[in-house]
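The values are calculated or read from the model by the stated rules, or taken from the named source; none is laboratory data. If you're wondering where the values come from, they're calculated on a predicted model, not measured in any experiment. Because the Cβ atoms are built from the backbone with ideal geometry, glycine has one as well, and the counts that use them run over all protein chains shown. Side chains included, ligands, DNA and RNA excluded: accessible areas come from the protein's heavy atoms. Shrake-Rupley method; radii C 1.70, N 1.55, O 1.52, S 1.80 Å.
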Amino acid sequence: QVQLVESGGGSVQAGGSLRLSCAASGSIFRINLMGWYRHAPGKQRELVAAITSAGSTNYADSVKGRFTIARDNAKNTVYLQMNSLKPEDTGVYYCAADLRATYSATYSRHWGPGTQVTVSS
């Protein structure tokens with residue numbers, strides 16, 4: 001069984017910073033893509049940033065230049081450094097990982113329970 005556990009959420013004022021972490025544990029053979037999604041009130045869940053095992057990254061246009069995604073493959077951990085936060089960044093942030101539990105398994109997506117980020121103006 002695989003678990004993803006996020007940490008680092010909280011409340012900050014606009015212009016502030018937060019760093020989210022997500023560690024994957026359990027039966028893991030290989031992790032390909034890891035990423036962060038957010039679900040804002042009244043909106044659909046959206047991709048914020050993603051990173052491959054080789055380090056290629058992808059960002060939502062709304063966070064480019066402000067957020068940085070990174071990962072530590074040895075620790076099965078992904079990070080999201082969020083700077084210059086805006087009230088519209090408020091939402092529940094979910095970690096996701098596309099991984100194979102065993103050598104013979106296919107890739108499947110796993111999700112963390114989410115962590116709340118609140119940015120006040």
For Lys43, the lysines lying under 21 Å Cα to Cα, once residues fewer than eight places off in the same chain are dropped, come out as Lys64, Lys86
Alpha carbon convex hull of the chain, volume per residue in cubic angstrom: 94
Rounded accessible area per residue of the chain, 1.4 Å, Å²: 52
Net charge near Tyr79 (other residues with Cβ under 9 Å of its Cβ; Lys, Arg +1; Asp, Glu -1) is +1
Counting only protein heavy atoms and using a 1.4 Å probe, what share of the accessible area of the chain belongs to carbon plus sulfur, as a whole percent? 47
Say each of Gln13 and Ser108 gets a label point 7 Å from the Cα, pointing the same way as Cα to Cβ; how far apart are those two points in nm? 4.7
